[in-house]
Amino acid sequence: MKSFDFMKTNHRISAGIFWIWSLILLVALHSPIWAGPTAPKILNIEINRTNVVVNVEVSVGLRKVTLESRSRLIGSAWVPRAVKRLDGKGESTSFSLPVTADLELLRVRGDENDPLPEAFYKGTNKFEGQATSTAGGISSDGLNRIAVTDSKTTESDSSRSVTESDIWKVDGNTLYFYNQYRGLQVINIRQPEAPQLTGVYDLPAAGEQMYLLPGGYVVLLARDNCYSGGANRNVIIILKVEGGKPSLVKELPVEGWIQESRMVGTALYVSTQSYLQSQDGVNTTWTWSSVVSSFDLANPLEPVVKDTLTFPGYNNTVAASEQFFFVATQSSDWNSSRLQLVDISDPTGAMKKSGVIPISGNIPDKFKIHQNGDVLTVISQTWNDTRRWTTLLQTFSLANPALPKHLGKLELAAGEQLHATRFDGNKAYIVTFFRIDPLWVVDLSDPTKPQIKGELEVPGWSTYLHPMGDRLLSVGIDTTNGWHVTVSLFDVADVTKPTLVDRAVLGGSWSWSEANNDEKAFNVLADSGLILLPWQGYSTNWTVTNGMQIIDFNKSSLTLRGVIPHAFAPRRATMVGDHIFSIDSSRLLSVAAPDRDHPVIKAELALSWNVSHVIPVGDYLLQVASNASYYSADGEIARILVTTANQPNEILRSLTLPLNRPIIGITRKNDRLYIAQSVEEKFSGGGLAGGKLSPIADGFWGGPFGGSAAGPVHTTIVDVSKPLELSILGTAENKTEVNATASGLQAFWPKPGILVWSSQQQQGWGYYMRFSYWSPSFGNQTFYSLDVNEPTKPQALCTFVLGTNTWAEGSSVFQAGTLFYSSHHEYETVTTKNPDTKDGVSVSYLNNTYLDVVDFSDPTLPVARPLVSIPNNLNGISTDGNILYLVGYHVQSPVVPDYFEYLDIASYDGVSAYSISSTRLSNYWPRPLTILDNSVYLGVVDEKSSKSVLQQLRLNKAGALEVVATVALPIPAQGFGIVDGQLLIRTASDMSIYDLTSLQPIAFSESPGCYYWSEPVINGSVKDGFWASLGQYGVIPLRVSAKP
């Protein structure tokens, strides 16, 4: 296709006729760009009131003529303003455009042919906005982008002690941490001021129940992918730790979803939740049930699967003694229960069902079930006939476990809710709450006649009680002045007159503790007179605080001492020797506290980090760690961590970036890594319609940028040619704001050595008072261009703001050469007469969609082309940018959408978009869609068979989409992406990389644990391998696999 141009200058048309014709004459004599016989020619320019009329002579052979303009003699890109299609016979034509300052220079361009078939430009180029009832509109981009002591008998046998799981255990000089973000981590704490991570068993997002067995064995209960939909996906994992390194010994499948567990001696009992099918010969029913399984772990190398028992019910409460495993199931009316006794006296783990006890009310937790010799006490909460809560204590004889006998009962606290309870010998402590916290002391010495001996009213309520002889500690909530974690000390020496000795209230304006839900976080070290309590909350000026509170206690007082600060919510703490070890999911802190008012952190060991991106480089991984939140002053330091691909959790090298700010964009080109950072804040947006320059340095003209100021965008260039010798080559700074509604920066390379970052708008949840709502983003789209040809001296070229604060829901940006394509919505208010309304009018809204094109031919002076009406959101373009792929709803007459999304295809000639074809998409989800290399890739699920396929479609010469390839998928695709020119397919349970030539998988990875692939960041190549960054959960490889 040949093109020819002819140019004339029209200097400030509104300035005066004399100057116009003077410059036209000057340029007409000297400015033809193409001198050939077929070049189009501007004959004259006329001013017709508010319009400029350009008359053009067209030679034989030219079938398309485009009028272009620009506002500067040098540097600015030419913008198409109008297009005429002719029959090629040679004729004169004219263009009429509104007068604007952008028409300072005009030129005409001739083409022998269009890049697309003639029929592709005959469709409509006028698209009505979507009618909506509110400014929110109907829109979609059509893509899925990319607890402490359990019940005991009076005759205790140490070999059959009851043990509960926890997230950590300390055994001598070794600390075991079942980290939800990484898996089992083994830490050597022999030298408290230099703890060492000696080994990791990768198991992120899998669970937090762990046991230790003698001989260096560790038992983990794990959820092996919660989103696969398959059976037997929960497992018991037995590991052997030698030399600080864990290795797998056995895996035992467990039916259902793991809820609770107990280790009694060396027998492990696991309670799971299952949805089981049953048939009566005619009907099939599904029932929620609790399944209790037992395992003999006396020999961890050869564990034995013992028995399985099933009990109907959902979210059942379990408890254990050395003799019985108790399962409390609720009735359908939620106001009565059945307590099933399971005989577990056999030390090998064999189980046998015993008696069943009907219980009035609901048994909320394990602390409500207590066995003392042959007497069982159960505390429940009932909803009585007067519609009031009542607490009921009942006692039973287990002399004949097959037929438990009711002994006595006690009703108390009518109208109040049941909270913490605890048993201590022949006493029961019960906390209920309505407006105050009554602490009840119940005498159980005569189980046939339980009696209330004492009562004490205190503000708030307790969530956990910790008996200590004649003293009682509790942790709970004080609601006197806000909501605060509170530790209370009671004197219960005289059970008839319990008294509050002291209280310690944590936090300024508000506070909470994990110990309010899990008593294992409340560590009472009686020998040291010390309580260690994790908490988080707000200070009086609403600054977020995370810390481990040190509390001194004795029989007469509680004293708040110092706080060990954490960047994230602390989980556990204990003393080993003269050091306090305090842990959260990201750090282990070793703390010296000879002065408990001023604890000193002596060592800090990284356990996990928030990975925003992972870049494989040969045998190494570059893990980019950054702040987990834009709104937190603390958190991850922005840095690059170097690990091997074989050991991704062991850091070999760390490079701290110059600024500790959130990373909002990253790209790699050859041996250079480019990282964009900024402090992002909420603000209103703004800017000028059509796109204007914001000033970044002297010599650049610009317009104002609306909204509150945010930090500048910093770009750091890192040399990654030698991963173990990373170095920063240079930095550059674009001085103006990042759009606060941006979800991140996309990186583009319009020319060699020219990097352009683009912000991206997105919808999100908004909040008003206590109500949440889905809100479209309003604001603008911003481009940041840099010259990185000299990496040691990169130069910020310009910051280009596109849009106004009336723009909403901008699409992703797509590139074709130096042109950048995106779309946005604008909401138009339409007022019509309506005599039925109070003011005589009705107000409705039109959701108009527009194509935005920015030309970066000159990266110092990008130019935004005029807005082009399009029917729906832009989801992709052809390689040359001549075809637009759009997804969204269609308007049915007069204002009603049909609630099906459509894939609309339109041609674009630089001035207008012309409809080519429209395909209605299935409403059967999931239905991901993406565009690559002039092909449409569509995930389709058959509504009848539920079978899933991947379709590749292409536009034929007639303008219709046709299927060119179909591949069966084992699991429905949730989303698509593009990685290194290959197709990424994401399902609920795995990710696969498909080769686009064969449409066959070349790499595969399953989701770890209960991690859901929401929007993983995938990087890599066929050469270096593919890896996914999972945020705080680290990284995971996509292994080369033959699995489809």
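Modelled spin-label separation between Lys669 and Val600, with each label point placed 7 Å from Cα along the Cα-to-Cβ direction: 5.0 nm.
If the chain linking Lys793 and Lys947 were pulled fully straight, counting 0.36 nm for each residue of separation and taking away their Cα-Cα distance, it would gain 50.0 nm.
Beta carbons within 10 angstrom, averaged per residue: use that to sort the peptides 397-406, 38-47, highest first.
Working: 397-406: 14.9, 38-47: 17.8.
Most protected by this proxy first, the peptides run 38-47, 397-406.
Quote the FRET efficiency, to the nearest 0.05, computed for Ser557 versus Asp346 with a Förster distance R0 of 51 Å and r equal to the Cβ-Cβ distance. List each step's numbers first, then the result.
Working: r = 48 Å, r/R0 = 0.94.
Given R0 = 51 Å and the Cβ-Cβ separation, E is 0.60.
Placing a label point 7 Å from the Cα of Thr284 along the Cα-to-Cβ direction, the residues of region 929-962 whose backbone N falls under 20 Å of that point are 942-948. The label-point distance for Glu57 and Asn923, in a model that sets each label 7 Å from Cα toward Cβ, rounds to 6.1 nm. Highest mean packing comes first when the peptides 513-521, 985-993, 940-948 are listed by Cβ atoms within 10 Å, giving 985-993, 513-521, 940-948.
Ratio of Rg to Rh for region 492-574, alpha carbon only, Kirkwood? Answer for region 492-574: 1.01. Shape analysis of region 953-1044 yields a ratio of the Cα radius of gyration to the Kirkwood radius, Rg/Rh, of 1.02. Filter Lys250/Lys368; Lys409/Lys497; Lys89/Lys122; Lys669/Lys722; Lys449/Lys555; Lys122/Lys751 down to the pairs with a C-alpha to C-alpha distance above 25 Å, please. With Cα atoms farther than 25 Å apart: Lys250/Lys368; Lys449/Lys555; Lys122/Lys751. Among Tyr275, Tyr211, the order by Cβ neighbours within 10 angstrom, fewest to most, reads Tyr275, Tyr211.
If the chain between Gln1000 and Asn173 were fully stretched, how many nm would it gain, using 0.36 nm times the residue separation less the Cα-Cα distance?
Numbers: separation 827, 0.36 × 827 = 297.72 nm, distance 5.01 nm.
Net length gain for the segment: 292.7 nm.
Applying a threshold of 22 Å to the alpha-carbon distances of Lys169/Lys427; Lys169/Lys520; Lys366/Lys520 flags Lys169/Lys427 as lying beyond it.
Any idea what % of Cα-Cα pairs in region 160-280 are farther than 18 Å? Working shown, then result.
Working: 3859 of 7260 pairs.
Here the long-distance tail beyond 18 Å is 53 percent of all Cα pairs in region 160-280.
Starting with the highest mean, order 350-358, 784-792, 1025-1033 by the number of other Cβ atoms within 10 Å, averaged over the residues of each peptide. Kindly include the intermediate steps, with their values, before the conclusion.
Values: 350-358: 16.6, 784-792: 18.8, 1025-1033: 22.2.
Top of the packing list down: 1025-1033, 784-792, 350-358.
Shape call for region 430-504 from the C-alpha gyration tensor, a ≥ b ≥ c root eigenvalues: rounded (a/c under 1.5), prolate (a/b greater than b/c) or oblate? Prolate, because a/c is 1.5 or more and a/b exceeds b/c.
Read the figures in this text as sums done on the coordinates, not as results from a lab. Predicted, not measured: the structure shown is a model, and the values here were computed from it. All Cβ positions, glycine included, derive from the backbone under ideal geometry; neighbour counts span all protein chains shown.
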